[in-house]
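The values are calculated or read from the model by the stated rules, or taken from the named source; none is laboratory data. Bear in mind that the values here come from a model prediction, so they are computed numbers and not experimental data. Reconstructed Cβ throughout: ideal geometry from the backbone, glycine too, with neighbour counts over all protein chains shown.
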Ligand SMILES: Nc1ncnc2c1ncn2[C@@H]1O[C@H](COP(=O)(O)OP(=O)(O)OP(=O)(O)O)[C@@H](O)[C@H]1O
Ligand SMILES: [Mg+2]
(Lines give C-alpha, C1' and ligand atoms only; values in the text may rest on other atoms or scores of the structure.)
(Ligands and ions follow the chains in the order given, each with its own letter.)
Protein backbone atom coordinates (compact mmCIF):
# COMPACT_ATOMS: atom_id res chain seq x y z
CA UNK A 1 0.00 0.00 0.00
CA UNK A 2 1.50 3.37 -1.00
CA UNK A 3 1.96 5.68 1.97
CA UNK A 4 1.50 9.21 0.82
CA UNK A 5 3.54 11.92 2.53
CA UNK A 6 0.41 14.10 2.48
CA UNK A 7 -1.00 11.83 5.22
CA UNK A 8 1.54 13.02 7.73
CA UNK A 9 1.16 16.82 7.81
CA UNK A 10 4.96 16.97 7.75
CA UNK A 11 5.39 15.46 11.17
CA UNK A 12 5.29 12.21 13.07
CA UNK A 13 1.88 11.41 14.53
CA UNK A 14 2.01 11.31 18.34
CA UNK A 15 1.55 13.48 21.45
CA UNK A 16 4.10 11.86 23.74
CA UNK A 17 6.73 14.40 24.90
CA UNK A 18 9.45 12.34 23.22
CA UNK A 19 7.61 12.64 19.89
CA UNK A 20 6.88 16.35 20.36
CA UNK A 21 10.62 16.87 20.96
CA UNK A 22 11.46 14.64 18.02
CA UNK A 23 9.26 16.65 15.64
CA UNK A 24 10.97 19.81 16.81
CA UNK A 25 14.40 18.21 16.27
CA UNK A 26 13.41 17.01 12.79
CA UNK A 27 12.44 20.47 11.57
CA UNK A 28 15.49 21.95 13.22
CA UNK A 29 17.83 19.47 11.55
CA UNK A 30 16.02 19.81 8.20
CA UNK A 31 16.73 23.53 7.93
CA UNK A 32 20.20 23.29 9.46
CA UNK A 33 23.41 23.09 7.42
CA UNK A 34 24.04 19.54 8.76
CA UNK A 35 25.36 17.39 5.94
CA UNK A 36 25.24 14.11 7.84
CA UNK A 37 22.50 12.77 10.08
CA UNK A 38 22.28 9.44 11.88
CA UNK A 39 18.92 7.94 12.78
CA UNK A 40 18.70 5.14 15.31
CA UNK A 41 15.55 3.20 16.11
CA UNK A 42 14.27 -0.33 16.52
CA UNK A 43 12.63 -1.95 13.52
CA UNK A 44 9.39 -0.23 12.45
CA UNK A 45 9.82 2.89 14.61
CA UNK A 46 9.73 5.26 11.61
CA UNK A 47 13.36 5.71 10.50
CA UNK A 48 12.42 5.86 6.82
CA UNK A 49 9.62 8.29 7.58
CA UNK A 50 11.92 10.57 9.61
CA UNK A 51 14.47 10.61 6.77
CA UNK A 52 11.75 11.64 4.28
CA UNK A 53 10.43 14.29 6.65
CA UNK A 54 13.91 15.80 7.00
CA UNK A 55 14.23 15.92 3.21
CA UNK A 56 10.70 17.26 2.72
CA UNK A 57 11.17 20.06 5.25
CA UNK A 58 14.54 21.13 3.85
CA UNK A 59 15.44 23.49 1.03
CA UNK A 60 16.55 20.34 -0.84
CA UNK A 61 12.97 19.13 -1.16
CA UNK A 62 12.71 19.72 -4.92
CA UNK A 63 15.88 17.74 -5.58
CA UNK A 64 16.22 13.98 -5.41
CA UNK A 65 15.73 11.87 -2.30
CA UNK A 66 17.69 8.71 -3.05
CA UNK A 67 16.88 5.74 -0.84
CA UNK A 68 19.56 3.03 -0.67
CA UNK A 69 19.18 -0.05 1.47
CA UNK A 70 22.74 -1.19 2.13
CA UNK A 71 21.47 -4.62 3.22
CA UNK A 72 19.52 -5.24 0.04
CA UNK A 73 22.36 -4.69 -2.45
CA UNK A 74 25.23 -7.23 -2.58
CA UNK A 75 28.48 -5.68 -1.31
CA UNK A 76 30.12 -6.26 -4.69
CA UNK A 77 27.50 -4.10 -6.44
CA UNK A 78 26.96 -1.43 -3.81
CA UNK A 79 30.02 0.61 -4.72
CA UNK A 80 29.08 0.98 -8.38
CA UNK A 81 25.44 1.60 -7.47
CA UNK A 82 26.50 4.43 -5.17
CA UNK A 83 29.42 5.89 -7.07
CA UNK A 84 28.73 4.80 -10.63
CA UNK A 85 31.38 3.42 -12.95
CA UNK A 86 33.34 4.29 -16.06
CA UNK A 87 33.05 2.42 -19.32
CA UNK A 88 35.17 -0.75 -19.12
CA UNK A 89 35.70 -0.48 -15.34
CA UNK A 90 34.89 -4.18 -15.04
CA UNK A 91 33.50 -6.98 -17.20
CA UNK A 92 30.00 -5.95 -18.19
CA UNK A 93 30.58 -2.22 -17.70
CA UNK A 94 29.85 -1.45 -21.34
CA UNK A 95 28.93 2.18 -20.72
CA UNK A 96 29.62 4.86 -18.17
CA UNK A 97 26.94 4.78 -15.50
CA UNK A 98 26.17 7.54 -13.04
CA UNK A 99 25.80 6.46 -9.44
CA UNK A 100 22.93 7.18 -7.10
CA UNK A 101 24.99 9.73 -5.20
CA UNK A 102 25.48 11.82 -8.33
CA UNK A 103 21.75 11.59 -8.97
CA UNK A 104 21.19 13.12 -5.54
CA UNK A 105 23.32 16.21 -6.19
CA UNK A 106 21.91 19.03 -4.02
CA UNK A 107 19.41 16.54 -2.63
CA UNK A 108 19.43 13.84 0.06
CA UNK A 109 20.99 10.38 0.11
CA UNK A 110 19.34 8.00 2.56
CA UNK A 111 21.67 5.15 3.51
CA UNK A 112 19.40 2.67 5.24
CA UNK A 113 20.94 -0.15 7.32
CA UNK A 114 24.34 1.53 7.18
CA UNK A 115 25.84 -1.19 9.39
CA UNK A 116 25.68 -3.59 6.42
CA UNK A 117 28.05 -1.47 4.33
CA UNK A 118 31.43 -3.22 4.19
CA UNK A 119 34.53 -1.65 5.73
CA UNK A 120 36.20 -0.68 2.43
CA UNK A 121 33.14 1.17 1.25
CA UNK A 122 32.76 2.78 4.69
CA UNK A 123 36.23 4.27 4.17
CA UNK A 124 35.23 5.62 0.76
CA UNK A 125 32.05 7.07 2.22
CA UNK A 126 33.99 8.81 4.97
CA UNK A 127 36.34 10.33 2.45
CA UNK A 128 33.35 11.55 0.44
CA UNK A 129 31.83 13.12 3.57
CA UNK A 130 35.11 14.90 4.31
CA UNK A 131 36.02 16.09 0.82
CA UNK A 132 32.69 16.16 -1.07
CA UNK A 133 34.53 14.17 -3.70
CA UNK A 134 34.49 10.57 -4.84
CA UNK A 135 35.67 8.44 -7.72
CA UNK A 136 33.42 6.42 -9.99
CA UNK A 137 34.59 2.80 -10.16
CA UNK A 138 37.42 2.72 -12.68
CA UNK A 139 37.76 6.51 -12.81
CA UNK A 140 41.05 8.37 -12.63
CA UNK A 141 39.64 11.73 -11.65
CA UNK A 142 37.26 12.55 -8.84
CA UNK A 143 33.80 14.00 -9.10
CA UNK A 144 32.40 16.62 -6.75
CA UNK A 145 28.98 16.27 -5.23
CA UNK A 146 26.93 18.26 -2.73
CA UNK A 147 24.34 16.21 -0.86
CA UNK A 148 23.03 15.55 2.63
CA UNK A 149 23.62 12.01 3.87
CA UNK A 150 21.12 10.49 6.27
CA UNK A 151 22.17 7.10 7.62
CA UNK A 152 19.86 4.79 9.57
CA UNK A 153 20.44 1.76 11.74
CA UNK A 154 18.66 -0.47 14.21
CA UNK A 155 21.99 -1.70 15.56
CA UNK A 156 23.90 -0.07 18.41
CA UNK A 157 26.71 1.19 16.20
CA UNK A 158 29.18 1.61 19.02
CA UNK A 159 28.99 -2.13 19.70
CA UNK A 160 29.62 -2.68 16.00
CA UNK A 161 32.69 -0.45 16.31
CA UNK A 162 33.88 -2.51 19.26
CA UNK A 163 33.29 -5.69 17.28
CA UNK A 164 35.36 -4.33 14.39
CA UNK A 165 32.40 -4.29 11.98
CA UNK A 166 32.04 -0.53 11.77
CA UNK A 167 34.71 2.14 11.34
CA UNK A 168 35.19 4.24 14.42
CA UNK A 169 36.00 7.42 12.45
CA UNK A 170 32.84 7.07 10.36
CA UNK A 171 30.85 6.42 13.52
CA UNK A 172 32.01 9.67 15.12
CA UNK A 173 31.43 11.55 11.87
CA UNK A 174 27.82 10.32 11.72
CA UNK A 175 27.23 10.73 15.43
CA UNK A 176 27.49 14.55 15.25
CA UNK A 177 23.78 14.89 14.53
CA UNK A 178 22.13 11.75 15.92
CA UNK A 179 18.40 11.22 16.22
CA UNK A 180 16.99 8.47 18.43
CA UNK A 181 13.46 7.31 17.74
CA UNK A 182 11.86 5.75 20.83
CA UNK A 183 10.19 2.34 20.66
CA UNK A 184 6.38 2.44 20.49
CA UNK A 185 6.10 0.78 23.93
CA UNK A 186 7.92 3.78 25.42
CA UNK A 187 5.50 6.35 23.98
CA UNK A 188 2.68 6.04 26.55
CA UNK A 189 -0.74 6.12 24.90
CA UNK A 190 0.55 7.21 21.50
CA UNK A 191 -0.38 3.69 20.43
CA UNK A 192 -4.01 4.88 20.70
CA UNK A 193 -3.36 8.14 18.83
CA UNK A 194 -1.63 6.17 16.08
CA UNK A 195 -4.49 3.65 15.99
CA UNK A 196 -6.97 6.50 15.42
CA UNK A 197 -4.71 7.88 12.70
CA UNK A 198 -4.44 4.55 10.85
CA UNK A 199 -8.14 3.70 11.32
CA UNK A 200 -9.13 7.08 9.83
CA UNK A 201 -6.82 6.46 6.90
CA UNK A 202 -7.98 2.93 6.22
CA UNK A 203 -11.63 4.00 6.56
CA UNK A 204 -10.96 6.26 3.57
CA UNK A 205 -8.86 3.77 1.61
CA UNK A 206 -11.18 0.79 2.11
CA UNK A 207 -14.39 2.82 2.23
CA UNK A 208 -15.30 1.53 5.67
CA UNK A 209 -16.62 3.05 8.86
CA UNK A 210 -14.73 1.42 11.72
CA UNK A 211 -15.38 3.51 14.84
CA UNK A 212 -12.31 2.55 16.84
CA UNK A 213 -10.93 0.07 19.35
CA UNK A 214 -13.13 -1.68 21.91
CA UNK A 215 -12.24 -1.01 25.54
CA UNK A 216 -10.69 -4.43 25.85
CA UNK A 217 -8.49 -3.92 22.78
CA UNK A 218 -7.48 -0.50 24.12
CA UNK A 219 -6.23 -2.22 27.29
CA UNK A 220 -4.40 -4.88 25.29
CA UNK A 221 -2.74 -2.31 23.01
CA UNK A 222 -1.51 -0.34 26.02
CA UNK A 223 0.02 -3.40 27.63
CA UNK A 224 1.48 -5.14 24.57
CA UNK A 225 5.18 -4.45 23.98
CA UNK A 226 5.05 -4.01 20.15
CA UNK A 227 8.40 -5.53 19.09
CA UNK A 228 7.62 -4.51 15.48
CA UNK A 229 6.67 -0.99 16.64
CA UNK A 230 4.53 1.31 14.44
CA UNK A 231 4.79 -0.95 11.41
CA UNK A 232 3.40 -3.87 13.43
CA UNK A 233 0.46 -1.72 14.57
CA UNK A 234 -0.22 -0.41 11.07
CA UNK A 235 -0.09 -3.87 9.46
CA UNK A 236 -2.27 -5.36 12.17
CA UNK A 237 -4.97 -2.72 11.65
CA UNK A 238 -4.84 -2.99 7.87
CA UNK A 239 -5.29 -6.74 8.11
CA UNK A 240 -8.39 -6.21 10.25
CA UNK A 241 -9.85 -3.83 7.65
CA UNK A 242 -9.30 -6.45 4.98
CA UNK A 243 -10.48 -9.55 6.84
CA UNK A 244 -13.09 -8.50 9.41
CA UNK A 245 -16.65 -7.17 9.10
CA UNK A 246 -17.39 -5.59 12.50
CA UNK A 247 -17.31 -1.80 12.83
CA UNK A 248 -15.19 -1.91 15.99
CA UNK A 249 -11.85 -3.64 16.64
CA UNK A 250 -12.41 -6.60 19.00
CA UNK A 251 -10.01 -8.93 20.84
CA UNK A 252 -11.05 -11.81 18.55
CA UNK A 253 -9.53 -9.87 15.62
CA UNK A 254 -6.08 -9.93 17.22
CA UNK A 255 -3.52 -12.68 16.60
CA UNK A 256 -3.20 -15.20 19.48
CA UNK A 257 0.44 -14.20 19.82
CA UNK A 258 -0.52 -10.72 21.03
CA UNK A 259 -3.16 -11.97 23.47
CA UNK A 260 -0.70 -14.54 24.83
CA UNK A 261 2.11 -12.01 25.31
CA UNK A 262 -0.19 -9.58 27.08
CA UNK A 263 -1.61 -12.31 29.33
CA UNK A 264 1.98 -13.25 30.18
CA UNK A 265 2.53 -9.59 31.02
CA UNK A 266 5.17 -8.51 28.50
CA UNK A 267 8.85 -9.18 29.14
CA UNK A 268 9.41 -6.84 32.08
CA UNK A 269 6.10 -7.47 33.82
CA UNK A 270 6.57 -11.20 33.30
CA UNK A 271 9.15 -11.00 36.07
CA UNK A 272 8.08 -7.97 38.09
CA UNK A 273 4.33 -7.80 37.57
CA UNK A 274 1.42 -9.58 39.22
CA UNK A 275 0.08 -12.91 38.05
CA UNK A 276 1.22 -16.46 38.42
CA UNK A 277 4.93 -16.75 37.74
CA UNK A 278 4.95 -20.44 36.89
CA UNK A 279 2.67 -19.96 33.90
CA UNK A 280 4.12 -16.64 32.90
CA UNK A 281 7.88 -16.74 33.30
CA UNK A 282 8.60 -18.96 30.31
CA UNK A 283 12.24 -19.87 30.04
CA UNK A 284 14.06 -18.23 32.94
CA UNK A 285 17.37 -17.68 31.14
CA UNK A 286 15.73 -16.42 27.99
CA UNK A 287 13.51 -14.01 29.91
CA UNK A 288 16.33 -12.56 32.02
CA UNK A 289 18.69 -12.25 29.06
CA UNK A 290 15.94 -10.50 27.11
CA UNK A 291 15.35 -8.10 29.97
CA UNK A 292 19.09 -7.40 30.34
CA UNK A 293 19.45 -6.87 26.63
CA UNK A 294 16.64 -4.31 26.62
CA UNK A 295 18.02 -2.54 29.66
CA UNK A 296 21.56 -2.34 28.28
CA UNK A 297 20.37 -1.31 24.79
CA UNK A 298 18.23 1.40 26.31
CA UNK A 299 21.03 2.75 28.49
CA UNK A 300 23.34 2.83 25.47
CA UNK A 301 20.74 4.57 23.33
CA UNK A 302 20.01 7.19 25.96
CA UNK A 303 23.74 7.78 26.39
CA UNK A 304 24.09 8.20 22.61
CA UNK A 305 26.29 5.13 22.51
CA UNK A 306 28.71 6.39 25.13
CA UNK A 307 29.71 3.32 27.15
CA UNK A 308 31.02 5.34 30.08
CA UNK A 309 27.74 7.25 30.49
CA UNK A 310 25.62 4.15 29.94
CA UNK A 311 27.58 2.25 32.60
CA UNK A 312 27.06 5.13 35.00
CA UNK A 313 23.32 5.16 34.36
CA UNK A 314 23.18 1.42 35.02
CA UNK A 315 25.31 1.71 38.13
CA UNK A 316 27.94 -0.75 36.91
CA UNK A 317 31.55 -0.35 35.82
CA UNK A 318 32.51 0.28 32.24
CA UNK A 319 34.29 -3.04 32.21
CA UNK A 320 31.20 -4.85 33.47
CA UNK A 321 29.08 -3.17 30.82
CA UNK A 322 31.42 -4.23 28.03
CA UNK A 323 31.30 -7.75 29.37
CA UNK A 324 27.49 -7.66 29.38
CA UNK A 325 27.39 -6.28 25.84
CA UNK A 326 29.57 -9.11 24.65
CA UNK A 327 27.56 -11.73 26.52
CA UNK A 328 24.25 -10.39 25.20
CA UNK A 329 25.56 -10.10 21.66
CA UNK A 330 25.00 -6.35 21.49
N1 LIG B 1 4.91 8.53 14.18
C2 LIG B 1 4.36 8.01 13.07
N3 LIG B 1 3.24 8.53 12.57
C4 LIG B 1 2.66 8.00 11.49
N5 LIG B 1 3.12 6.93 10.83
C6 LIG B 1 4.22 6.37 11.26
C7 LIG B 1 4.93 6.88 12.40
N8 LIG B 1 6.01 6.13 12.60
C9 LIG B 1 6.00 5.20 11.64
N10 LIG B 1 4.95 5.33 10.83
C11 LIG B 1 4.61 4.44 9.71
O12 LIG B 1 4.97 3.14 10.12
C13 LIG B 1 5.56 2.40 9.07
C14 LIG B 1 6.98 1.99 9.47
O15 LIG B 1 7.82 3.13 9.46
P16 LIG B 1 9.26 3.09 8.74
O17 LIG B 1 9.21 2.20 7.54
O18 LIG B 1 9.69 4.49 8.56
O19 LIG B 1 10.07 2.37 9.91
P20 LIG B 1 11.61 1.92 9.93
O21 LIG B 1 12.13 2.32 11.26
O22 LIG B 1 12.28 2.46 8.72
O23 LIG B 1 11.49 0.37 9.87
P24 LIG B 1 12.65 -0.73 9.44
O25 LIG B 1 13.64 -0.76 10.57
O26 LIG B 1 11.89 -2.01 9.36
O27 LIG B 1 13.22 -0.26 8.15
C28 LIG B 1 5.54 3.30 7.86
O29 LIG B 1 4.39 3.00 7.10
C30 LIG B 1 5.44 4.69 8.46
O31 LIG B 1 4.84 5.59 7.58
MG1 LIG C 1 13.16 1.45 7.12
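Residue-wise test of (1) away from ligand 2 (no atom under 16 Å from the Cβ); (2) in a helix (DSSP H, G or I).
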| residue | (1), (2) |
| --- | --- |
| 105 | yes, no |
| 115 | no, yes |
| 128 | yes, yes |
| 150 | no, no |
| 155 | no, no |
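Residues in the stretch 213-239 that are assigned to a helix (DSSP H, G or I) and more than 16 Å from ligand 1 (Cβ to nearest atom): 215, 216, 217, 218, 219, 220, 222, 223. Looking at the stretch 16-50 only, could you name the residues that are under 22 Å from residue 300 (Cβ atoms), within 11 Å of ligand 1 (Cβ to nearest atom) and within 14 Å of the chain's Cα centre (by Cα)? Result: 22, 39, 40, 41, 42, 43, 44, 45, 46, 47, 50. Does residue 192 satisfy being touching a residue at least 24 places away in the same chain (Cβ under 8 Å), away from ligand 1 (no atom under 16 Å from the Cβ), touching a helix residue (DSSP H, G or I) at 6+ places or on another chain (Cβ under 7 Å) and not in a loop (DSSP other than H, G, I, E, B)? Against the criterion (touching a residue at least 24 places away in the same chain (Cβ under 8 Å), away from ligand 1 (no atom under 16 Å from the Cβ), touching a helix residue (DSSP H, G or I) at 6+ places or on another chain (Cβ under 7 Å) and not in a loop (DSSP other than H, G, I, E, B)), residue 192 does not qualify. Considering the conditions (1) within 26 Å of residue 65 (Cα to Cα); (2) out of contact with any strand residue (DSSP E or B) (no Cβ under 9 Å at 6 or more places or on another chain); (3) within 16 Å of ligand 1 (Cβ to nearest atom), residue 157 is excluded by exactly one of them, (2). Residues in the stretch 1-15 that are within 16 Å of ligand 2 (Cβ to nearest atom), under 18 Å from the mean Cα position of the chain (by Cα) and either modelled with pLDDT under 95 or exposed (fewer than 15 other Cβ atoms within 10 Å of the Cβ) (or both): 3, 5, 8. Report whether or not residue 237 is surrounded by 13 or more Cβ atoms within 10 Å (Cβ to Cβ), in contact with a helix residue (DSSP H, G or I) (Cβ under 9 Å, 6 or more places away or on another chain) and closer than 23 Å to residue 50 by Cβ. The answer is yes for residue 237. Restricting attention to the stretch 57-77, the residues being out of contact with any strand residue (DSSP E or B) (no Cβ under 8 Å at 6 or more places or on another chain) and either within 16 Å of ligand 2 (Cβ to nearest atom) or modelled with pLDDT under 95 (or both) number 6. Against the numbered list (1) surrounded by fewer than 17 Cβ atoms within 10 Å (Cβ to Cβ); (2) assigned to a helix (DSSP H, G or I); (3) in the same structural domain as residue 118 (by TED's automatic domain parsing); (4) without any contact (Cβ under 8 Å) to a residue 40 or more places away in the chain, residue 169 comes up short only at (4).
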